Amino acid sequence: MSQSVPIFKTQAIEIKSRSAQEGRPIFEDREFVEIHIPGDNKSVVVHKVDQIHIDRWPEQYRAFKDGSEVPLEGSPVKEWPILTASRVAELHALKIKTIEQLAELKDASIDRIGMGGRELVKQAQAYLDVNKDTANAQKYAAENEKLHDEIDMLKAQIKEISDSITEQKEQKKGKAA
């Protein structure tokens, strides 16, 4: 399932009662969150920020408060070499920032990508599958190397023990003779 993408913002909201009282516009900063579904730029839900939103997206909220860029979870589409700059811009406009989000798109969202959207989603899925397999292969290779090192160490210990036993037997033979 595609993860929703929160965009936290501060908006100046006029306080009508105070404006009428003061005889001039009085505004107050309030925090809002726009919730986007990757691939669906038509359905945007806006809420006043409350603790539920902060708890659901703590890293994104912290980045908003710090004024820093929101951390991405996944592989950024802008780093995927098969995409042109214009295709990356199109995907960003649809709030698709990662290859994982692209791979998880549903049919209605795929249609919004336009020509070649289905093929692009298939390529994203294949890319992730290959990288998952590569990561597993690297993990198994590292485990295999570690096991070979342990085997070599055990062989060396067995040889030391064997040499020690042989030496003790020879010493006993020497004393008996």
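At-a-glance table
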read-out	value
Cα-projected label distance for ARG24 with TYR140, points at 7 Å along beta-carbon direction, nm	7.3 nm
Reference-scaled alpha-carbon Rg (2.2 N^0.38 Å with N residues) for the chain	1.96
Local net charge near GLN11, Cβ-Cβ under 9 Å (Lys/Arg +1, Asp/Glu -1)	0
Within a Gaussian network of the chain (alpha carbon springs, distance under 10 Å), most fluctuating of ARG24, ARG118, ARG56	ARG24
LYS169 versus ILE82: modelled label distance in nm, points set 7 Å from Cα along the beta carbon direction	6.4 nm
Highest average packing first - 9-18, 33-42, Cβ atoms within 10 Å	33-42, 9-18
Listed residue pairs exceeding 26 Å between alpha carbons, taken from LYS78/LYS132; LYS155/LYS175; LYS95/LYS122; LYS65/LYS132	LYS155/LYS175; LYS65/LYS132
Label-point separation in nm, GLU160 to VAL45, each point 7 Å along Cα→Cβ	6.4 nm
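Rule-based calculations on the coordinates, nothing more; no lab input. Quick caveat, the model's predicted, so the values are computed rather than measured. As a convention, Cβ positions derive from the backbone with ideal geometry for all residues, glycine included, and neighbour counts pool all protein chains shown.
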